[in-house]
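Reviewing the structure listed below.
What follows is calculated from the coordinates using simple rules that are stated; it is not laboratory data. Model, not experiment: these values are computed from the prediction. Virtual Cβ from ideal backbone geometry, glycine too; neighbours counted across all protein chains shown.
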Amino acid sequence: MTLLDAKSLTVKFGGVAALNALSFHVDPGEFVGVLGANGSGKSTLLDVLSGLRSSSGSVTFRGRELARVPAHARHRLGISRSYQNLELSPALSVRESLRAGSRVRGRRSVEEIARVSELFSLEDVGAERVGVLPYGVRKRVELGRAFLCQPALVLLDEPMAGLNDAEKDRVASVLREIGAEPEPPAIVLVEHDVSVVAALSSRIVAIDLGSVIAEGNPRDVIAAPAVQRAYLGV
């Protein structure tokens, strides 16, 4: 059974279509990369799936239509996400930030917070205020919060943005570890770094001007002429 199924999503800003009858699906445990140039509709797609923006068309999750389900309720159903611009309170400690994230899912578990802290190497900074930490560590807090309480679907918006090569490798290693779990969450990765998307994804969806222009295994999608023209400038 398909975990998430979106059909004919259309979002317009004035006369410009950010999404243009776009259809998109994710299977349980699947790692889907989304490629596209700036303005192609990637973040708009995540906003629609997570309930932060309305659209025409339909989105179903585990067979349930989500048209009238707000963002916080989708989160409790098992759809989680991270943000390109960090959505963290600088005054909270790392541990408090994770605890607040678990409350949003309606759960509070010391064991779950400890699991995520270990997974994202945050144990040593648990008492530190988020606002004084280096950007790369704050990024791991943001990502760790997205994986709290074992969501069924995690939407990642540019998780590598602003990271150096060593930090990117560290985050990629954690995502591989999560993907190798016996029952991993499905992950949708929006990312500009083509090499990261190709290395992590089992399937890539390439979009341009709000429409899907290629879909399939990473090698074939990246080599597709339409993707070369739209994304790589070839």
Q: Work out the FRET efficiency for residue 127 and residue 2 from their Cβ-Cβ distance, taking R0 = 41 Å, and round it to the nearest 0.05.
A: 0.45
Q) Could you give the length gained on full extension between residue 23 and residue 192, defined as 0.36 nm per residue of separation minus the Cα-Cα distance, in nm? A) 58.8 nm
Q. So how strong a dipole does the chain carry about its Cα centre when Lys and Arg Cβ are +1 and Asp and Glu Cβ are -1, to the nearest 20 debye?
A. 820 debye
Q.
Please report the projected area of the stretch 33-72's Cα convex hull averaged over all directions, in nm².
A. 3.5 nm²
Q. How large is the convex hull of the Cα atoms of the chain per residue, expressed in Å³ as a whole number?
A. 125 Å³
Q: Out of all DSSP beta bridges with both ends in the chain, state the antiparallel percent to the nearest 5.
A: 55 percent
Q.
As an exercise, use a Förster radius of 22 Å and the Cβ-Cβ distance of residue 169 and residue 202 to find the FRET efficiency, rounded to the nearest 0.05.
A. 0.65
(Q) If I fit a long axis through the Cα atoms of helix 135-146 and take the longest principal axis of the Cα atoms of the chain, what angle between them do I get, 0 to 90°, rounded to 10? (A) 80 degrees
Q: For n ≥ 4 DSSP H runs only, could you compute -39500 (n - 2.57) per run for the chain, divide by its residues and tell me the 222 nm figure to the nearest 500?
A: -10000 deg cm²/dmol
(Q) Check which residues have an amide H placed less than 5 Å from residue 80's amide H, if you skip close sequence neighbours. (A) 153, 154, 155
Q.
Please compute the volume of the convex hull spanned by the alpha-carbon atoms of the stretch 1-95 and report it per residue in Å³.
A. 136 Å³
**Q.** Angle in degrees between helix 110-119 and the longest Cα principal axis of the chain, rounded to the nearest 10
**A.** 60 degrees
Q) Between residue 29 and residues 5 or more places away or on another chain, which pairs have amide H atoms under 5 Å apart, with H built 1.01 Å from N, and which residues are they? A) 186
Q) Roughly what percent of Cα-Cα pairs across the stretch 159-234 reach past 19 Å? A) 40 percent
Q. For the stretch 121-213, what's the radius of gyration and Dmax over Cα atoms, in angstrom?
A. 14.3, 46
Q: Give the shape of the stretch 86-150 as rounded, prolate or oblate, defined through the alpha-carbon gyration tensor: a ≥ b ≥ c are the square roots of its eigenvalues, a/c under 1.5 means rounded, and otherwise the shape is prolate if a/b is larger than b/c and oblate if not.
A: prolate
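Pick out, in residue order, every one of the trypsin sites (Lys or Arg not before Pro) in the stretch 72-160 that is DSSP loop and has at most 15 other C-beta atoms within 10 Å; say none if there are none.
For trypsin sites (Lys or Arg not before Pro) across the stretch 72-160 that sit outside H, G, I, E and B with at most 15 neighbouring Cβ atoms in 10 Å, the list reads 107, 108.
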